[in-house]
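The values are calculated or read from the model by the stated rules, or taken from the named source; none is laboratory data. Note that the structure is predicted; figures quoted are calculated from it, not measured. In this analysis, Cβ positions are derived from the backbone assuming ideal geometry, glycine residues included, and neighbour counts consider all displayed protein chains. Ligands, DNA and RNA are excluded from the accessible area calculation, which covers all protein heavy atoms including side chains. Shrake-Rupley method; radii C 1.70, N 1.55, O 1.52, S 1.80 Å.
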Amino acid sequence: MGKEQNPHIKIPRLFYDSLTNLPFTKCQVCEKDLVATNSEYMIEKVYHRNPVSGKMEIMFEYAICFQCALMFVNSYSAKSKENLQRYFTDHMQHHLTSAPHKIISTEEDIYDQLATCAITGKHVTELDEYQIVGRFKGDFIQTDEIPFMIGSGSMDEVSDLLSNETIDSMDDFTGKYLTGPPEFRDFFKSPRRRPVFI
Ligand SMILES: [Zn+2]
């Protein structure tokens, strides 16, 4: 048997909805049932170290289907898209290609992959805030598009690349769809806005 290129790996627990301890079921935007429709979607989670307990906590998390994510990304200005593209090509590709042996074939590989920042290579234990992003289809994680983690320093760099028009459109998105507790919404406000990665 040869090497399996795209093994089917069930959604790792790390990407479960932290409120239910079960996989996400709905797109945050259109509320489509992601598993029943076997949709392609992405999950983003942001973790932050609680300054009192010192423990990492989830600041926010959501699942968004590809159609909705695309609609959102298409609302970014041309300038922002170009900046993001260049940033990821310069930084992330370099890091990923410098470790070409990474083949994701088990859930363990995914946890390994998510243990270091895709931009700086910093280990998760050195970070006080970071974000993980994965792509999924129905019940499974997509392993051809490798899930990644980025630390807060790099997240801020990425936010700095966004144009004012894009920031306005992100504010609209936040106002419409991300109606969590105030600290959750503040997360997106200047100067800590976060783009949706796709
Ligand atoms: Zn959707």
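For the stretch 90-112, check the following and say yes or no: at least one residue is under 16 Å from the mean Cα position of the chain (by Cα), open to solvent by less than 10 Å² (accessible area, probe 1.4 Å) and farther than 27 Å from Ile167 by Cα. For the stretch 90-112, residues under 16 Å from the mean Cα position of the chain (by Cα), open to solvent by less than 10 Å² (accessible area, probe 1.4 Å) and farther than 27 Å from Ile167 by Cα: present.
Residue selection: Ile146 fails the criterion of being at pLDDT 80 or above, β-branched (Val, Ile, Thr), outside any helix (DSSP H, G or I) and open to solvent by less than 40 Å² (accessible area, probe 1.4 Å). Taking the stretch 24-36 on its own, how many of its residues are part of a loop (DSSP other than H, G, I, E, B) and within 10 Å of the ligand (Cβ to nearest atom)? Residues flagged as part of a loop (DSSP other than H, G, I, E, B) and within 10 Å of the ligand (Cβ to nearest atom) within the stretch 24-36 amount to 7. Kindly indicate whether any position in the stretch 48-65 is under 14 Å from the mean Cα position of the chain (by Cα), within 16 Å of the ligand (Cβ to nearest atom), not in a strand (DSSP E or B) and not hydroxyl-bearing (Ser, Thr, Tyr). For the stretch 48-65, residues under 14 Å from the mean Cα position of the chain (by Cα), within 16 Å of the ligand (Cβ to nearest atom), not in a strand (DSSP E or B) and not hydroxyl-bearing (Ser, Thr, Tyr): absent. When restricted to residues that are in contact (Cβ under 8 Å) with a residue 60 or more places away in the chain, among the small types (Gly, Ala, Ser) and either exposed (fewer than 12 other Cβ atoms within 10 Å of the Cβ) or within 16 Å of the ligand (Cβ to nearest atom) (or both), the stretch 66-89 contains 2.
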